[in-house]
1. For segment 11-21, indicate whether the set of residues that are on the phi < 0 side of the Ramachandran plot, hydrophobic (A, V, I, L, M, F, W, C), surrounded by 14 or more Cβ atoms within 10 Å (Cβ to Cβ) and out of contact with any Asp or Glu (no Cβ under 9 Å at 6 or more places or on another chain) is non-empty.
2. Could you grab the pairs with beta carbons closer than 6 Å, sequence gap of 6+ or different chains, first residue in segment 3-18 and more than 22 Å from Phe34 (Cβ to Cβ), second one modelled with pLDDT of 90 or more and surrounded by 10 or more Cβ atoms within 10 Å (Cβ to Cβ)?
3. From Ala24, Ala33, grab the single residue that is exposed (fewer than 11 other Cβ atoms within 10 Å of the Cβ), among the hydrophobic types (A, V, I, L, M, F, W, C), out of contact with any Lys or Arg (no Cβ under 7 Å at 6 or more places or on another chain) and not assigned by TED's automatic domain parsing to the domain that holds Thr70.
Amino acid sequence: MKQREDGPERARQVRAQLARVVAALTDPVEVDAFLEDLCTPAEIEALADRWSVVPLLAQGMSYRQIHEDTGVSVTTVGRIARCLEGGAGGYRAALEHHPGRPQVAPTP
């Protein structure tokens, strides 16, 4: 991670600004353009791969089946599952906007 000379407070402020900007973009075409400008193609691919896993986990699909269907590693699927269950709540909030809104399956 990049070492910041101006300290962690500045990093928190910039992250908060970024979150506000993303939240203000309501047009999916604008969001896609912003992501294209902000991220490398590999970063966008990684974000898209992670997001593709979330609804499948919410539907209760096994890690192995998700891996077979998406190509996302079982380790990454497990990390996403941990965040879905006990993370900051971002995946759950995003699921509210997913077509079909899959409900999060209970943890086995």
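The values are calculated or read from the model by the stated rules, or taken from the named source; none is laboratory data. Values in this document were obtained by computation on a predicted structure and should not be read as measured data. In this analysis, Cβ positions are derived from the backbone assuming ideal geometry, glycine residues included, and neighbour counts consider all displayed protein chains.
1. Within segment 11-21, the first condition is being on the phi < 0 side of the Ramachandran plot, and the residues that meet it are 11-21.
This time we only want the ones that are hydrophobic (A, V, I, L, M, F, W, C), so: 11, 14, 16, 18-19, 21.
Those left that are additionally surrounded by 14 or more Cβ atoms within 10 Å (Cβ to Cβ): none.
No, every residue in segment 11-21 fails to be on the phi < 0 side of the Ramachandran plot, hydrophobic (A, V, I, L, M, F, W, C), surrounded by 14 or more Cβ atoms within 10 Å (Cβ to Cβ) and out of contact with any Asp or Glu (no Cβ under 9 Å at 6 or more places or on another chain).
2. Final answer for the pair search is Arg4/Ala11.
3. On the way: Ala33 fails: exposed (fewer than 11 other Cβ atoms within 10 Å of the Cβ).
From the options Ala24, Ala33, the qualifying one is Ala24.
Here's the yes/no breakdown for (1) surrounded by fewer than 16 Cβ atoms within 10 Å (Cβ to Cβ); (2) touching a helix residue (DSSP H, G or I) at 6+ places or on another chain (Cβ under 7 Å); (3) within 27 Å of Ala19 (Cα to Cα); (4) of a type in the set (Ser, Thr, Tyr):
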residue: Asp37; (1), (2), (3), (4): yes, no, yes, no
residue: Glu43; (1), (2), (3), (4): yes, no, yes, no
residue: Gly60; (1), (2), (3), (4): yes, no, no, no
residue: Tyr63; (1), (2), (3), (4): no, yes, no, yes
residue: Glu68; (1), (2), (3), (4): yes, no, no, no
residue: Gly71; (1), (2), (3), (4): yes, no, no, no
residue: Val77; (1), (2), (3), (4): no, yes, yes, no
residue: Cys83; (1), (2), (3), (4): no, yes, yes, no
residue: Gly90; (1), (2), (3), (4): yes, no, yes, no
